[in-house]
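J.: Dumping the structure here so I can ask a few things about it.
The values are calculated or read from the model by the stated rules, or taken from the named source; none is laboratory data. The model shown is predicted, which means the values in this text are computed figures rather than measured ones. Neighbour counts run over all protein chains shown; Cβ positions are idealised from the backbone, glycine included. SASA here: full protein model, heavy atoms, side chains in, ligands and nucleic acids out. Shrake-Rupley method; radii C 1.70, N 1.55, O 1.52, S 1.80 Å.
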Amino acid sequence: MRPSRVSLAATVGLSVLYAFSTGCTTGGHDHEETWSWVYTLDFGRRPRWSPDGGMLAFGDDRPGSSGLFGWRPGDDPEPLAEELPPHNWDYRWSPDGGRIAFTSPAGSGGDLSGVWVVDVASGVVERVWERGRDVDWLDGSAVLVRIDAPSGGEPGIYRVDL
């Protein structure tokens, strides 16, 4: 049986509280440190803060869902795009915070696998390469992506100009 997030957090929180109350702290610091657990959502994976710290982007980990959400403090999370490929991963904000690149391993050569970019303001999603993983931004006009088995090339990290 898998423990719930709340019970796991409570267990860890109680362990931390016990460690501080008994004087068992790490690093030998003389000051007391505190931890705060706040339960906010019942779904989500791979949270990533925007470059300006104003929005959190995260994926939907509920079965059968493929959403990418934006969440500003004080608001409810909202989908950033209407339809995304299933199993989207590797979310990375562009340096200017206007786009998010991600990958989808939806099947090699399929229409849904590859590297994708979503425009945060408009929700427009564009497939920029047909395969790859571990995406990151080189600058605002290119992404870097790991390609394990490129057609006609060597495995490695490739630059994809947008």
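J.: Please list 154-161, 130-137 highest first by mean number of surrounding beta-carbon atoms within 10 Å per residue.
T.: The densest-packed peptide leads the list: 130-137, 154-161.
J.: To continue, here is another question. Where the accessible area of segment 81-162 is counted over protein heavy atoms with a 1.4 Å probe, how much of it, in %, is carbon and sulfur?
T.: The C+S portion of the solvent-accessible surface of segment 81-162 is 50 percent.
J.: Then there's this: What value in Å³ per residue do you get for the convex hull of the alpha-carbon atoms in segment 76-141?
T.: Once divided by residue count, the hull of segment 76-141 is 88 Å³.
J.: What number comes out for accessible area per residue over segment 80-162 if the probe is 1.4 Å? Units Å², please. If you can, show how the numbers build up before the last one.
T.: Values: 4440 Å² over 83 residues.
For segment 80-162, the per-residue accessible area is 53 Å².
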